[in-house]
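To start, the structure itself, in structure tokens.
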Amino acid sequence: MATVAVTINWLFIFIPIAIMLEYGWPGAHTWIFFAACLAIIPIARLIVEGTEHIASRTGDAVGGLLNATFGNAPELIIAVVALRAGLFDMVRASLIGAILANLLLALGVAFLLGGLRYHTQEYNPGATRVYSSMMLIAVISLVVPSTFSRFFSSEATMRQEQLLNLGVAVVLLIAYGLYLLFMLKTHPEFFSAAGDQEERHGERTQWGLPRAGGSLLIASVLAAWMSEILVGAAEGTGKSLGMSQTFIGMVLLAIVGGAAESGSAIAMARKNKIDLTMGIALGSCIQIALFVAPALVLVSYAVAPQPLKLSFGRAEIGSMFLAVLIGAMVSGDGRSNWYKGVQLITVYVIMAFLFYFLPETASR
């Protein structure tokens, strides 16, 4: 992971570039948007690295909570800024897109690059089955408010719809808390690595708590600033490039927000630590579905013009459901190779094409 951090550190130069464009050339929405996208990638990497160093000192339980809080911090910050701007379609699309990017793109690239170096890579299939079942539960949970909104959305049922969304959000957060308890306390053996894949902690120098905490604080402030610039330029960029809010959230924001975790998953596969790859990629999907999405519903009551509804379009729900099924089929046997990576990447590219050409009105 240290190699990954070094290779993307040069992207920090896009922080001053994005700021100069934002205040010196405010009409250049497209340039501002992509400069902010590139600036967020190393910031996200810094957040993940700081979290890893703190977690290594505080134990697995606290480490799991830290990963839930900071591991998806870029997605959370971008989504909160977009909520405050009232870009609800973009927020919902970024949630689905982040799951697709981790489950199909990141895992696919990891399988591909790992498989090119090693003929076959083995990992714990039991942990993968737990991840897949949790994702399937999350999809079913998101279908319920989406179905209610489609068939019963009216002025007369608005309060019931809000209560349903609030109830689903609370249930998902409870399920996520119990999932952490199951994974870290009661049944940690379900998630043990297959074979000898233990990471040697001596490979890198551990940060002290002041440095790690300070890095998290600085990175979070920078992420919030870049996210503000990113979201502010998103609508203008979409209009100039012919992209819908759904596509921007589904593909661009999702890939940018999850770039650091995806890079870590891919780096672990290249080192033949494929269990860590599965934990990063699939664990991040579960965090987004069971923690980030319901947390945004609760946050929206404080920062958004109106509460966020977990009401996803047919294409969004359908793509996530298919991605979970395909991901479970491809990864369920505990063995990976380069062609499995090609299969996952192919599905992701096809879905990206779908959302690029899908009319805005048809996505609901």
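The values are calculated or read from the model by the stated rules, or taken from the named source; none is laboratory data. Please read these numbers as outputs of a predicted model, since none were measured by experiment. Cβ: placed from backbone, ideal geometry, glycine included. Neighbour counts: every protein chain shown.
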- Item | Single residue of ILE96, ILE77, ILE41 found to be part of a helix (DSSP H, G or I), within 30 Å of LEU354 (Cβ to Cβ), under 16 Å from the mean Cα position of the chain (by Cα) and modelled with pLDDT of 90 or more | ILE96
- Item | Set ALA323, ALA289, ALA352: member being within 26 Å of ARG150 (Cα to Cα), buried (at least 23 other Cβ atoms within 10 Å of the Cβ) and modelled with pLDDT of 90 or more | ALA323
- Filtering the stretch 142-159 down to residues that are over 18 Å from the mean Cα position of the chain (by Cα), touching a residue at least 12 places away in the same chain (Cβ under 8 Å) and in a helix (DSSP H, G or I) yields VAL143, VAL144, PRO145, SER146, PHE148, SER149, ARG150
- Query: Under the condition of being surrounded by fewer than 23 Cβ atoms within 10 Å (Cβ to Cβ) and touching a residue at least 40 places away in the same chain (Cβ under 8 Å), which residue from the stretch 293-305 is nearest to ASN337 (Cα to Cα)?
  - Reply: ALA295
- Item | Residue pairs meeting the criteria (Cβ under 9 Å; at least 6 apart or on separate chains; first of a type in the set (Lys, Arg), in the stretch 207-235; second modelled with pLDDT under 85) | ARG211/GLY50; ARG211/HIS53
- From ALA169, ALA138, ALA106, residue being of a type in the set (Gly, Ala, Ser) and touching a Cys at 6+ places or on another chain (Cβ under 9 Å): ALA138
- Task: For the stretch 268-286, name all the residues that are among the polar types (S, T, N, Q) and surrounded by fewer than 22 Cβ atoms within 10 Å (Cβ to Cβ).
- Result: ASN272
- Item | Single match in LEU216, LEU296 (criterion: over 28 Å from GLU189 (Cα atoms), assigned to a helix (DSSP H, G or I), at pLDDT below 85 and not hydroxyl-bearing (Ser, Thr, Tyr)) | LEU216
